[in-house]
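The values are calculated or read from the model by the stated rules, or taken from the named source; none is laboratory data. What you see is a predicted model, and the numbers here were worked out from it, not measured in a lab. Reconstructed Cβ throughout: ideal geometry from the backbone, glycine too, with neighbour counts over all protein chains shown. These accessible areas exclude ligands, DNA and RNA; they are computed on the full protein's heavy atoms, side chains included. Shrake-Rupley method; radii C 1.70, N 1.55, O 1.52, S 1.80 Å.
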Amino acid sequence: MKDALTATDPRETAFEEHVSADGQVEPKDWMPEAYRKTLVRQISQHAHSEIIGMQPEGNWITRAPSLRRKVALIAKVQDEAGHGLYLYSAAETLGASRDDMVDALLEGKAKYSSIFNYPTPTWADIGAIGWLVDGAAITNQVPLCRTSYGPYARAMVRVCKEESFHQRQGYEIMLQLARGTDAQKKMAQEALNRWWWPCLMMFGPPDHDSPNSARSMAWKIKRHSNDELRQRFVDQTVPQAEFLGLSIPDPDLKWNEERGHYDFGTPPWDEFMEVVKGNGPCNRQRLNARRKAHDDGAWVREAALAHAEKRRERAEAASQAA
Ligand code: FAQ
């Protein structure tokens, strides 16, 4: 990759100046190839995460404990499908082909968030996902509403509004369980124990091990580093756990008066590497379910294409007759 900072191409210099001054980049603007590729990588991984992210909760829709819970969960999972679609569209504005992106996911070549490779054995896991996974997603995505690429930034505004509803529904599930019977409180605590460390790892590797951060931050694609966002998430989540009366499963968690932040332990990065490589608890199950859903949906894609072709032919015939 040619380093854009040492660029001599005047377009590249103008681009760097525009982005440094917080200017937004639009699809038809000139952009360095490495900027385009970085965005396609991040946006497509984000889209895949939303689509695969429907599964851990989707499999609780038929088992939600009440009609109200079921309605909210169906709406949430549908929102995630919608987020995936906006994001694939945002990546398409950069010239990426949706078929190629989807094929890369189905062939196991594309990354998606590590968090969605963990199982949801109890109803409390659905509460924990809404509270913690959506909470982490919001922490990461609110700054992306100001990312330098216009279509991505605009998609994030709507996504973040919907994620806040998701976070509240998850927290409300946790609150009800935490205020319930001893068995329900235990279930909530166990779900928190399962999701805490995977959620901290959602923010990506530590800054010193994050190969893409420096370049992405210079281009204002990322507005904060992985560690900054992880710290922000810990600081805002600990008081929420205290309000629930649940304990964060980290013996090293401690308020640091001097820093004005919580100190916390080291996430299990070996486990993260394994999950990202495809060896997490549910990686195979998630990809197989996605492949099956894709195959089962083939007739819908064929019907939509046939319909579009018919409309095109009709419009052509009408314009010839006119
Ligand atoms: N899992 O150099 P960095 C959601 C990869 S959506 C898997 O730090 P970067 C909504 C990374 O891709 C959740 N892989 O990378 C929801 C890179 O690999 P590459 C998804 C990970 O891009 C809620 C390598 O490691 N959110 O939750 C992970 O600068 C509930 C080196 O890492 C987004 O995608 C990981 N956790 O920073 C849905 C937000 N972390 O490509 C359903 C947008 C890192 O070089 C239910 N994305 N890797 O081969 C971002 O902000 C960034 O891409 C990061 C990673 C922060 C995720």
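Things to note:
- Among the candidates Ala214, Ala155, the residue that is without any contact (Cβ under 8 Å) to a residue 60 or more places away in the chain, of a type in the set (A, V, I, L, M) and within 14 Å of the ligand (Cβ to nearest atom) is uniquely Ala214.
- When the residues of region 188-208 are filtered to those that are open to solvent by 40 Å² or more (accessible area, probe 1.4 Å) and without any contact (Cβ under 8 Å) to a residue 40 or more places away in the chain, the one that is farthest from Asp125 (Cα to Cα) is His208.
- Criterion (out of contact with any strand residue (DSSP E or B) (no Cβ under 7 Å at 6 or more places or on another chain), within 14 Å of the ligand (Cβ to nearest atom), part of a loop (DSSP other than H, G, I, E, B) and modelled with pLDDT of 95 or more) met by exactly one of His224, His208: His224
- Filter pass, Arg36 being modelled with pLDDT of 95 or more, within 16 Å of the ligand (Cβ to nearest atom) and surrounded by 14 or more Cβ atoms within 10 Å (Cβ to Cβ): yes
- Residue match in region 164-182 (condition: within 16 Å of the ligand (Cβ to nearest atom), under 23 Å from Ile43 (Cβ atoms) and surrounded by fewer than 17 Cβ atoms within 10 Å (Cβ to Cβ)): yes
- Checked across region 75-94, the condition of being more than 12 Å from the ligand (Cβ to nearest atom), among the acidic types (Asp, Glu) and under 23 Å from Arg154 (Cβ atoms) holds for at least one residue.
- Here the condition is being away from the ligand (no atom under 16 Å from the Cβ) and touching a His at 6+ places or on another chain (Cβ under 7 Å); of Asp235, Asp263, Asp250, it holds for Asp235 alone.
- The listed residue being buried (at least 17 other Cβ atoms within 10 Å of the Cβ) and near the ligand (Cβ under 9 Å from one of its atoms), out of Tyr149, Tyr112: Tyr112
- Of the residues making up region 292-322, those that are closer than 24 Å to Glu107 by Cα and of a type in the set (Lys, Arg) are Lys292, Arg301.
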